[in-house]
Amino acid sequence: MLAADLEPLLMGAGLRLVELAISRHRGSAQVRAVIFAPAGTGISECSTAHRLIYPRLQILLGAAEPSLEVTSPGIERAIKSPKEWMIFRGKGVRILPVGGGEWTRGRIVTASSGSVTLETSAGEQVFAFADIAKARLDSSQGGD
């Protein structure tokens, strides 16, 4: 798995790989990497990630000049996988439960393989991933 080869490189620079998408077209490779730095993900962090990832992609993909786009997750990223809950620990989030209802806003305290714990205005709440219809980062909730 390509992501498994890239993650240690990024972690050594204090970065996390959130998502990796690869497509091939007419012999060329297009790669999109979403990275996250707990202290903030800006141009400098994306540039660092690009410098670390690019040479490795050339080797692993066998492509002399792969196209590489490195981005931040954005302030309202939809959380797509259980792994992302741990990556974004401490960040604000909003959750819409299965079956509708009200969005719950809070800060991610911790996550396991099947659930996430949020610190909300009503105290800590645990949500099983199976009970979450949608989840997004929420910059209005702050975070460290």
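The values are calculated or read from the model by the stated rules, or taken from the named source; none is laboratory data. This one's a predicted model, so the numbers in the text were calculated from it and none came from an experiment. Virtual Cβ from ideal backbone geometry, glycine too; neighbours counted across all protein chains shown.
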Task: Residues that are within 20 Å of Ile43 (Cα to Cα) and surrounded by 17 or more Cβ atoms within 10 Å (Cβ to Cβ), drawn from region 69-83 - done: Val70, Ser72, Pro73, Arg77
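Taking region 129-144, which residues are closer than 20 Å to Ala37 by Cβ and surrounded by 14 or more Cβ atoms within 10 Å (Cβ to Cβ)?
Arg136, Leu137, Asp138, Gln141, Gly143
What are the residues in region 1-16 that are under 20 Å from Ser139 (Cα atoms) and either among the polar types (S, T, N, Q) or without any contact (Cβ under 8 Å) to a residue 40 or more places away in the chain (or both), if any?
The answer is Leu15, and nothing else.
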- [ ] Considering only region 129-144, state which residues are assigned to a strand (DSSP E or B) and closer than 14 Å to Ile79 by Cα.
- [x] Ile132, Ala133, Lys134, Ala135, Arg136, Leu137
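Part of a helix (DSSP H, G or I) and among the hydroxyl-bearing types (Ser, Thr, Tyr): does that describe Thr41? Write out each step before concluding.
Details: part of a helix (DSSP H, G or I): no; among the hydroxyl-bearing types (Ser, Thr, Tyr): yes.
So Thr41 fails the test.
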Task: Subset of region 84-128 [buried (at least 16 other Cβ atoms within 10 Å of the Cβ), free of Cβ contacts under 8 Å to residues at least 60 places away in the same chain and not in a strand (DSSP E or B)] - done: Trp85, Phe88, Arg89
- [ ] Could you pull out the residue among Arg56, Arg32 that is modelled with pLDDT of 90 or more, of a type outside the set (Ser, Thr, Tyr), farther than 23 Å from Ser81 by Cα and surrounded by 13 or more Cβ atoms within 10 Å (Cβ to Cβ)?
- [x] Arg56
Open item on the list: If a residue must be of a type in the set (D, E, K, R) and either farther than 16 Å from Leu15 by Cβ or assigned by TED's automatic domain parsing to the domain that holds Leu96 (or both), how many such residues does region 39-68 contain?
Closed with: 1
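Determine, yes or no, whether Ala111 is assigned by TED's automatic domain parsing to the domain that holds Leu9 and within 26 Å of Gly14 (Cα to Cα).
So Ala111 fails the test.
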